[in-house]
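Please read the structure below before turning to the comments.
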Amino acid sequence: MTQPTPSPQELNARFGIVNLTQIISGPGGTPVVRITTPQCTGEMYLYGAQVTSWKPTGAQEIIFLSSKAVFIEGKAIRGGIPICFPWFRAKSDDPKAPAHGLVRTETWTLESIEQKSGAINVTMSTQSDADTKRLWPHDFRAVLQATFGAELKLAFTVANTGAAPFRFEEALHTYHTVGDIHKARVRGLDGVTYLDNTNSNRENKQSGEVAISGPTDSAYMNSQSAFDLLDPALNRRIHIAKQNSNTTVIWNPWIEAAHAMADFGDDEWQQMLCAEAANIMANAVELPTGKSHTLTVVMSVAAL
Ligand code: TA6
């Protein structure tokens, strides 16, 4: 069984860095790492190892967190960067299993907080146990390294610690803040084949920039390229580079689905867009025993 999580006070005494990082008690008492440096501010919960804020100095908040987000054991935080593993969306052979896998509703272990050339590197981990193996019969260790600076870098590593190979899906399910979804665009997916989950995963080919004009839930397959989230309303471009990710997912719930989510403000669909570095469906990862796989994302922001 996993060890009990130390109190925020104990964690702060062990890992806090004076004037730069604090571990405090967040909503519901869950510990959160708060970063404040000359380069940026940021927040990362031990619950789900979930980044919920990154604000580079001189820029507005990059990460969207719903004003209705709840912080209850077993419930995913609505917004931030949920970690989806070892499956994406519903579990194909068990509709009762939690959506997006096992780890975003677990409290992870805070391993370290380090300064690296002005940035703050936070490392958290989680691993399989009897509970996870009831739903997914494999042994794994997962580590998220989040580096908060003028850029935000995320490295999600999965290690196969068992005696048999396994296949997994994954996503860094990033909710981005946008000024106005009607004007936002995603550049860099032109010509890429995508599966439209609003239409039975019908296959399409992207033509030009992605515009959002209704419920959107598209998985761009076999796409390793970097892409840009263009936000005219906030006069900015968020550049998202990725490594070892073959799928890019673009999601906006739009009006009806937003109204149906209790942990999502009725109008918040206009100020967010999920742009996710993933490996899902045909792009799922086969991991031999004893091997590990790291998906990396680096985000930066510039004026349009
Ligand atoms: O990433 C897009 C998606 O898979 C959509 O299908 C929608 O389900 C969204 O994730 C939200 O999922 P969640 O479980 O966080 O409500």
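The values are calculated or read from the model by the stated rules, or taken from the named source; none is laboratory data. Worth saying up front: this structure is predicted, and the values here are computed from it rather than measured. Positions of Cβ are generated from backbone atoms using ideal geometry, with glycine treated the same way; all protein chains shown enter the neighbour counts. In case anyone asks, the SASA skips ligands and DNA or RNA and just uses the protein heavy atoms, side chains included. Shrake-Rupley method; radii C 1.70, N 1.55, O 1.52, S 1.80 Å.
Look at A99 and say whether it is within 14 Å of the ligand (Cβ to nearest atom), of a type in the set (A, V, I, L, M), touching a residue at least 60 places away in the same chain (Cβ under 8 Å) and assigned to a loop (DSSP other than H, G, I, E, B). Even if it seems obvious, please write down each step before you answer.
Working: within 14 Å of the ligand (Cβ to nearest atom): yes; of a type in the set (A, V, I, L, M): yes; touching a residue at least 60 places away in the same chain (Cβ under 8 Å): no; assigned to a loop (DSSP other than H, G, I, E, B): yes.
When the stated conditions are applied, A99 does not pass them.
Among H239, H259, which is the only one that is open to solvent by 50 Å² or more (accessible area, probe 1.4 Å), of a type outside the set (A, V, I, L, M) and not in a strand (DSSP E or B)?
H259
Being open to solvent by 10 Å² or more (accessible area, probe 1.4 Å), within 12 Å of the ligand (Cβ to nearest atom) and in a loop (DSSP other than H, G, I, E, B) is true for just one of A59, A76. Which residue is that?
The match here is A76.
Among the residues of region 83-113, write down those that are more than 18 Å from A284 (Cα to Cα) and surrounded by 15 or more Cβ atoms within 10 Å (Cβ to Cβ).
If the condition is that a residue be more than 18 Å from A284 (Cα to Cα) and surrounded by 15 or more Cβ atoms within 10 Å (Cβ to Cβ), then A97, P98, R104, T105, E106, T107, W108, T109, L110, I113 are the ones that fit.
Being among the aliphatic types (A, V, I, L, M) and open to solvent by less than 40 Å² (accessible area, probe 1.4 Å) narrows it down to one residue among L135, L230; which is it?
Numbers: L135 fails: open to solvent by less than 40 Å² (accessible area, probe 1.4 Å).
Criteria check complete, one pass: L230.
If I filter region 272-286 down to residues being open to solvent by 10 Å² or more (accessible area, probe 1.4 Å) and not polar (S, T, N, Q), which single residue comes out as nearest to the ligand (Cβ to nearest atom)?
M281
Output the qualifying pairs, or none if there are none: Cβ atoms under 6 angstrom, residues six or more apart or on different chains, first residue in region 198-218 and in contact (Cβ under 8 Å) with a residue 60 or more places away in the chain and under 16 Å from D228 (Cβ atoms), second residue surrounded by 13 or more Cβ atoms within 10 Å (Cβ to Cβ) and of a type outside the set (A, V, I, L, M).
The qualifying pairs are I212/N252.
Select from region 242-254 the residues that are part of a strand (DSSP E or B) and more than 16 Å from the ligand (Cβ to nearest atom) and list them in ascending order.
Q243
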